[in-house]
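Structure record follows, encoded as structure tokens.
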Amino acid sequence: MPRIVGVDLRRDLENNPPPGLSPVRARLRRDALALMLDEDLVEASYCYEVLPLDAPPAATLHAGGAAFDAPALLPASGELTALGFAACTLGPRLQSRCTTLFGEKRASLAVALDELGTEMLFALARRLQDRVLSECYRKRLSLGAELNAGDPGLALDTLAAIVRLSGAADIGIGLHGGKLMTPLKSTAMIFAIGRDLPAVALSRCGGCPSRERCTFGRRPAAIPTPAYA
């Protein structure tokens, strides 16, 4: 179960700012980034596990002793042989610092720091996707569709199983009430893996209705065509 701790995302943030920021928001972003680095507010970590299917693929997929009603993961062609379970987090310090900034009446910087954290979580998720893709490539497998619990086609109730099977507890991720990940700047996902799966454009945004107007959704994906035979 690969576990990567202390991922350095500074270059991702410095070289790829969101498009269309006003001068004020750009300045606040720079201030938030400086604060994040000076106070070491982030421990970016991720983990994942690839598990073979427990039964032949169907609308309800079985892996790791859990069931996932996820027909969207079924490929249009090729052979689905496994599911990948993954999670990543920025750790608890960033969210705690946002709270103290609000208490210090520095709301603008707190909001900028929170937005930077979201930006960083997207970048970390792309790093995680790259890592899973690389492992699939080495094994001559292909990486197919990806879903988060709560996406259309995957019930939020599956989050606990995804978190457990990814080994997320090893990097400090837990669940509050079964449906809220802690620390807050964390995410978990499930991948379709197999042979000769059709190419897909992996995205943290999926079918979100706000994708076209979202700052993060307009960014180019790190994985343009992640399918290998």
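In the chain, the DSSP beta bridges split such that about 100 percent are antiparallel, to the nearest 5.
Note that region 131-140 has calculated 3J(HN,Hα) couplings of 5, 5, 4, 4, 5, 4, 4, 4, 8, 6 Hz, one per residue in order, obtained from phi through the Karplus relation 6.51 cos²θ - 1.76 cosθ + 1.60 (θ = phi - 60°); glycine and proline are x. Here the peptides 149-159, 42-52 are ranked by packing, the mean other Cβ count within 10 Å, and the order with the highest first is 42-52, 149-159. Over the chain, all Cα pairs binned in 5 Å intervals from 0 give whole-percent P(r) values of 1, 7, 14, 18, 19, 16, 11, 7, 4, 2, 1, 0, listed from short to long. Each label was represented as a point 7 Å from its Cα along the Cα-to-Cβ direction; for Arg11 and Ala26 these points are 2.4 nm apart.
Here region 150-179 is scanned for amide nitrogen atoms under 13 Å from the site 7 Å beyond the Cα of Arg3 along Cα-to-Cβ, giving 166-174. Using Cβ point charges alone (K and R +1, D and E -1), the dipole size of region 3-213 about the Cα centre works out to roughly 400 debye.
Backbone phi angles across region 98-112, fed through the Karplus curve with coefficients 6.51, -1.76 and 1.60 (θ = phi - 60°), yield HN-Hα couplings of 4, 5, 5, 5, 4, x, 8, 6, 10, 5, 4, 5, 4, 5, 5 Hz in residue order; Gly and Pro are listed as x. Centre-to-centre, using Cα atoms only, region 103-177 and region 178-202 are separated by 7 Å. Cα convex hull, region 1-87: 166 Å³ per residue, rounded to a whole number.
Give, rounded to the nearest 20 debye, the magnitude of the charge dipole that region 1-101 has about its Cα centre when Lys and Arg contribute +1 at Cβ and Asp and Glu contribute -1 at Cβ.
Numbers: 9 positive and 12 negative charges, 104 e Å.
With only Lys, Arg, Asp and Glu charged at Cβ, the dipole is about 500 debye.
Read the figures in this text as sums done on the coordinates, not as results from a lab. All values derive from a computational prediction rather than experimental measurement. Reconstructed Cβ throughout: ideal geometry from the backbone, glycine too, with neighbour counts over all protein chains shown.
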